[in-house]
Amino acid sequence: ETGVTQTPRHLVMGMTNKKSLKCEQHLGHNAMYWYKQSAKKPLELMFVYNFKEQTENNSVPSRFSPECPNSSHLFLHLHTLQPEDSALYLCASSHGGWRGGNVTDTQYFGPGTRLTVL
Amino acid sequence: TQLLEQSPQFLSIQEGENLTVYCNSSSVFSSLQWYRQEPGEGPVLLVTVVTGGEVKKLKRLTFQFGDARKDSSLHITAAQPGDTGLYLCAGDDSGTYKYIFGTGTRLKVLA
């Protein structure tokens with residue numbers, strides 16, 4: 001399989017459930033990202049990992065917990081979510097590495113997980 | 001706070017018409033990407049522009065990066081129903097991994 005894959009594609013969960021979203025990239029990239037896409041809002045960056053180290057946490061509530069065990073896999077653990085957390089959660093990857101100078105780094109996205117919190 | 005404003009927000013046109021979508025910011029970006037997203041799917045990369053003033057063509061799509069690297073445009077010639085989708089621009093903040101996405105332009109091309 002090529003590119004960036006995400007599972008599950010759809011998830012319905014109650015506010016008290018615990019679930020995890022999985023992302024896998026087959027592009028040999030070193031950086032991985034979680035984004036949230038809600039209706040009528042721009043894509044919101046949530047977390048960034050570069051060489052398995054978290055480099056960005058964009059003020060995300062602690063009910064979202066990321067995990068990056070290696071450069072190819074990224075998880076988003078969910079617990080006690082709120083209905084307003086319902087959205088499309090997108091994973092992306094890019095070459096990553098040192099960002100000095102004007103090195104261009106383009107992101108490639110997975111198909112997303114459509115999350116509904118009841 | 002860096003923002004990328006896209007205009008128009010919505011666009012509905014007939015097949016064969018031309019259109020231009022704009023992406024504007026007060027911030028400078030080291031590069032800018034354009035994506036197209038279809039319902040229920042992730043954004044698919046169309047192009048990356050890097051140099052101020054750069055023009056790139058992809059079949060009927062023409063992308064331009066502003067001289068000051070603060071804005072960009074996407075021009076579609078002879079639009080087709082297959083061009084329907086959400087068009088997103090994204091600015092790459094040099095030196096970080098914080099990508100700023102635009103507000104999006106939702107295009108519908110009617111047959």
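Read-outs: derived from the displayed coordinates by stated rules, not from any lab. Note that this is a predicted model, so its numbers are computed, not measured. Quick reminder, even Gly has a Cβ in these numbers, built from the backbone with ideal geometry, and neighbours come from all protein chains shown.
Points to keep in mind about this one:
- For chain A, lysine pairs separated by 8 or more sequence positions, or belonging to different chains, with Cα-Cα distances below 23 Å total 6.
- Relative contact order for chain B, counting Cα pairs under 8 Å that sit 6 or more residues apart, in percent: 37 percent
- When chain B is treated as a Gaussian network with alpha carbon springs shorter than 10 Å, the biggest mean-square fluctuation among B:14, B:80, B:37 belongs to B:14.
- Only aspartates and glutamates eight or more places from residue B:70 in sequence, or on another chain, were considered; those with a Cα closer than 18 Å are A:105, B:5, B:54, B:92, B:93.
- Database note for chain A: Cys without another Cys beta carbon under 4.7 angstrom, A:68.
- Amide H contacts of residue B:54 (H built 1.01 Å from N, in plane; Pro and chain starts excluded): B:65 sit under 5 Å, all sequence-distant by 5 or more or on other chains.
- For the range A:1-83, GluC sites (Glu not before Pro) meeting the loop criterion (DSSP other than H, G, I, E, B) and having at most 14 other Cβ atoms within 10 Å: A:1.
- For chain B, built as a Gaussian network whose Cα springs stay under 10 Å, the top-fluctuating residue of B:56, B:98, B:70: B:98
- Of B:69, B:60, B:36, the one that fluctuates the most in a GNM where chain B has Cα springs shorter than 10 Å: B:60
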